[in-house]
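Notes follow the structure.
The values are calculated or read from the model by the stated rules, or taken from the named source; none is laboratory data. All of these numbers come straight from a predicted model, not from anything done at the bench. Note that we place each Cβ from the backbone using ideal geometry, even for glycine, and neighbour counts take in every protein chain shown.
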Amino acid sequence: MEKVITISREFGSGGRDLGILLAKELKIPFYDKELIALTAEECGLSEESLLHYDERIPVIKESLDQQIYTPFSISYEIPVSDQVFLAQTRIIKKLADQGACIIVGRCADRVLDSSVNLFIYAGIEERIQRLNSLNTGVDPITMENRIREMDRKRKDYYQYYTGCEWGKAQNYHLSLDSGIVGVRGCFHAVMAYLESI
């Protein structure tokens, strides 16, 4: 398997765990939160500072005396969120050039041209149960709100930077419901898919 595998995922669906299993089985590098350290280094920011901008779209503030800025005006600045996205894009392409690996999130499926793109999802009840099994101590209603908020942020980020619809099956090679078969079942399905490529 010489291709890069990207994994987009709903919050709490087990996409990260699936990526770890695939990386171990295929004996290839795995990148998720590791991209934060690499991007921080590329941007010259601390990891803590970078987390504020990771997978977030820029906030545009409006004021009464708002002026129109163009890329040619002196006041024009590229938002830090955009700079972080561009740095992550460079890193994702560099990692892909080094060989097969697994990359979770960060629009990697749209950044790369010839990757195998997966989307992992599950029903809200399964995701609440899965996250609460990690002993979070969070009540189910609060957990559901957290899940929905994180999914909204991922959807907005993906739409903003790619112009594509996050989670739409046509945007991925394989979409899997981990709520039905669990992460292990998704792993077996992905391995079968990869064998036929």
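Condition (residue is among the acidic types (Asp, Glu) and under 23 Å from Glu25 (Cβ atoms)) applied to segment 102-125: is it met by at least one residue? Give the derivation first.
If we filter segment 102-125 for residues that are among the acidic types (Asp, Glu), which is where we start, we get 109, 113, 125.
Then drop every residue that is not under 23 Å from Glu25 (Cβ atoms), which leaves 109.
Yes - at least one qualifying residue is present in segment 102-125.
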Report task. Can you confirm whether segment 183-196 contains a residue that is among the aromatic types (Phe, Trp, Tyr) and modelled with pLDDT of 95 or more? Result -> yes
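Criterion first (buried (at least 19 other Cβ atoms within 10 Å of the Cβ) and touching a Lys or Arg at 6+ places or on another chain (Cβ under 9 Å)) does Val116 satisfy it?
Answer is yes for this residue.
How about segment 1-116: which helices (runs of 4 or more DSSP H) wholly inside it have at least 1 residues that are at pLDDT below 85?
Output list reads 34-43, 47-51, 80-98.
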Requested in this report: Go over the candidates Ile147, Ile124 one by one and state the one that is β-branched (Val, Ile, Thr), closer than 18 Å to Ser13 by Cβ and surrounded by 17 or more Cβ atoms within 10 Å (Cβ to Cβ).
Outcome: Ile147
